[in-house]
Amino acid sequence: MLKVDNLHVRYGGIGALRDVSLNVAVGETVLLIGANGAGKSSLINAIIGLVPTSGGTIRFNERELVPISCAERARSGIGYSPEGRCVFPSMSVTDNVLCGAFGRGRKRQLQALDWLKSIFPLLADRAGQPAGQLSGGEQQIVALARAMCSLPTLLLLDEPFLGLAPIWISRISNAIRELQRRGTTILMTEQMARPALKLANRGYIMRSGEIRRAGTAVEIRDLALAEEYL
Amino acid sequence: MDSLLAAVIIGVSLGGQYALLALGFTLIFGILGVVNFAHGGLYVLGGYVAQAAVSKLAIPYPVAVLAAALATGAVGYAFERFVLERRIDDHLATLMLTLGLYLMLSTGILVTFGAESVQFAFPVTGAIRGNGYYIPLENLIVLATCLLAIGAVYLLLFRTDFGRASRALADHRAVATAQGMRPHQLFPLAFALASGLAGLTGALVTPILSLAPHVGDPVLATSFLVVILGGLGSIGGATVAAFLVGLIEAFSGVYLGGSKGALALFIIVLVMLVVRPSGLLGRETRGA
């Protein structure tokens, strides 16, 4: 479904990603782990189109993404939940979620909203509340639901557990499992590798803008333990 | 009692006009992050387009008002799409460009129509008189039109995909783009809407006040005042602040007189900003 080959990203003169290659198959959950500055978010942002690439290719469902805009990538079936959640703070919870399906038609938006409310009851309970007034965990649910509202075939989750209390990590994990049961393909990054590895089928370890290791979730857990990521 | 009622009527009427102006101004600031120095110029342009449509083409006034809103909207769309968009992330450049548009508009109007005020009368005259009150019909019609337009803008912003996208882009442009929103399509539309509102207000209000090339200057100052008082970028704040400013201006004008009234308004706004720097409805959000 997603194939990244020899990707390079530079911020000014500094290389943020160097020769990165990975692939994600349909229905998989793939995890990127690594310390701060390893390049995880740069990779996610390069895939969705928020940062320009300086070399390499990104293919999604056999379509080359590099030449097309960020908005077109989202419309091609990629959902994106950013690091730090980044909900639209002045907008209601419902409007935040509907933003994820911008331009998809009123009927499809409302159908998706009803489905998401059945998974995340919070969306109904706090429907009219400005998202900026929610707790961090609640905002993460809103960000997840927003990313899912367009019913994407690939979901990019950038550090979904960042800054959350254990109870919310557990709740977000359950929400991700629900999405997995529904067949959503997921590429996620996480510094908190232990809970994230429980969700993943495979993983990659990143360091200094490069992919250093790849393997199944069990292999990555063992490698990460050895390299003190856990 | 008579003067109290008069002050309320004048204040609400002024508030409606200010709200329409400030909505456009705050929309452009909130969505594009641009302080639009051309807002007063678009107001004047709206007045002149309506005046020319009525006097030179014999078009009925209501149609002329609509034409003025559409014409200023078109100017705003073209300006954003072909000029502003290229430098949208450079704040200094956008300031200079909108100031440039204002100078072009005001100079163009000066050259075309002359420096003197032009004759432009409101087509409806008369008043509703009663025991202790006197309400000019023109003020009522302008107020009703302003309220209708404000309602329509609210419906557009809070009940449509365009409005949701505009507010999302105002909150977090990169994340909104990553949800499939296209800033290069939505920004010109937002600028056109705001410019159309300025033109609509100009076409409605200049027949009551006056129409001359320089009348946009105080309009820009009032828009600034209202938007800052309401909370920069806050649509609800701008609306509330507009009616507040209208009422303060009317009450201080009636009870204190012209220049003292204006002074009172600025003092009240200053005190409000000291007590609440984020404005009346400035954003309060919560982190993790």
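The values are calculated or read from the model by the stated rules, or taken from the named source; none is laboratory data. Remember, predicted model here, so these are calculated numbers, not experimental data. Heads up, the Cβs are rebuilt from the backbone with ideal geometry, glycines too, and the neighbour counts pull from every protein chain shown. SASA here: full protein model, heavy atoms, side chains in, ligands and nucleic acids out. Shrake-Rupley method; radii C 1.70, N 1.55, O 1.52, S 1.80 Å.
So for region A:47-65 (the condition being among the charged types (D, E, K, R), facing another protein chain (nearest Cβ under 7 Å), surrounded by fewer than 21 Cβ atoms within 10 Å (Cβ to Cβ) and outside any loop (DSSP other than H, G, I, E, B)), does at least one residue qualify?
No, region A:47-65 has no match at all.
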Exercise. Of everything in region B:170-191 that's among the aliphatic types (A, V, I, L, M) and open to solvent by 20 Å² or more (accessible area, probe 1.4 Å), which residue is nearest to the other protein chains (Cβ to nearest Cβ)?
Worked result: B:Ala174
Exercise. In region A:101-158, which residue that is surrounded by 18 or more Cβ atoms within 10 Å (Cβ to Cβ) and of a type in the set (D, E, K, R) is farthest from A:Ile48 (Cα to Cα)?
Worked result: A:Arg126
Problem set entry | Which numbered condition A:Phe88 fails, given (1) free of Cβ contacts under 8 Å to residues at least 40 places away in the same chain; (2) farther than 12 Å from A:Met148 by Cα; (3) not polar (S, T, N, Q) | (1)
Exercise. What about B:Thr239, is it touching a residue at least 24 places away in the same chain (Cβ under 8 Å), of a type in the set (S, T, N, Q), more than 14 Å from chain A (Cβ to nearest Cβ) and more than 25 Å from A:Met91 (Cα to Cα)?
Worked result: no
Problem set entry | Selection from region A:66-97 of residues that are under 18 Å from the mean Cα position of the chain (by Cα), open to solvent by less than 20 Å² (accessible area, probe 1.4 Å) and at the interface with another protein chain (Cβ under 7 Å from one of its Cβ atoms) | A:Cys70, A:Ala71, A:Ala74, A:Tyr80, A:Pro82, A:Phe88
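Could we say that B:Gly46 is open to solvent by less than 10 Å² (accessible area, probe 1.4 Å) and closer than 22 Å to B:Leu103 by Cα here?
On the way: open to solvent by less than 10 Å² (accessible area, probe 1.4 Å): yes; closer than 22 Å to B:Leu103 by Cα: yes.
The answer is yes for B:Gly46.
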For this session: Confirm whether A:Ile186 is open to solvent by less than 10 Å² (accessible area, probe 1.4 Å), β-branched (Val, Ile, Thr) and in contact with a Ser or Thr (Cβ under 9 Å, 6 or more places away or on another chain).
Result: yes
Seminar exercise, completed: Within region A:152-175, the residues that are assigned to a loop (DSSP other than H, G, I, E, B) and either within 12 Å of another protein chain (Cβ to nearest Cβ) or under 24 Å from A:Ser90 (Cα atoms) (or both) are A:Pro152, A:Glu159, A:Pro160, A:Phe161, A:Leu162, A:Gly163, A:Leu164, A:Ala165
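Could we say that B:Gly282 is open to solvent by less than 70 Å² (accessible area, probe 1.4 Å) and under 18 Å from the mean Cα position of the chain (by Cα) here?
Spelling it out, it is not the case that B:Gly282 is open to solvent by less than 70 Å² (accessible area, probe 1.4 Å) and under 18 Å from the mean Cα position of the chain (by Cα).
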Problem set entry | Hits in region A:31-46 - residues which are surrounded by fewer than 23 Cβ atoms within 10 Å (Cβ to Cβ) and at pLDDT 90 or above | A:Ser41
For this session: Looking only at region A:129-151, count how many residues are more than 12 Å from every other protein chain (Cβ to nearest Cβ) and touching a Ser or Thr at 6+ places or on another chain (Cβ under 7 Å).
Result: 1
Exercise. On the given criteria, is B:Ala194 crowded, with 18+ Cβ neighbours inside 10 Å, within 14 Å of chain A (Cβ to nearest Cβ), within 27 Å of B:Glu138 (Cβ to Cβ) and not charged (D, E, K, R)?
Worked result: no
Exercise. Which condition does A:Ile141 not pass, out of (1) out of contact with any Gly (no Cβ under 7 Å at 6 or more places or on another chain); (2) not in a helix (DSSP H, G or I), if it passes all the others?
Worked result: (2)
Exercise. Taking into account only those residues within region B:26-42 that are open to solvent by 10 Å² or more (accessible area, probe 1.4 Å) and part of a helix (DSSP H, G or I), which is farthest from B:Ser166 (Cα to Cα)?
Worked result: B:Phe29
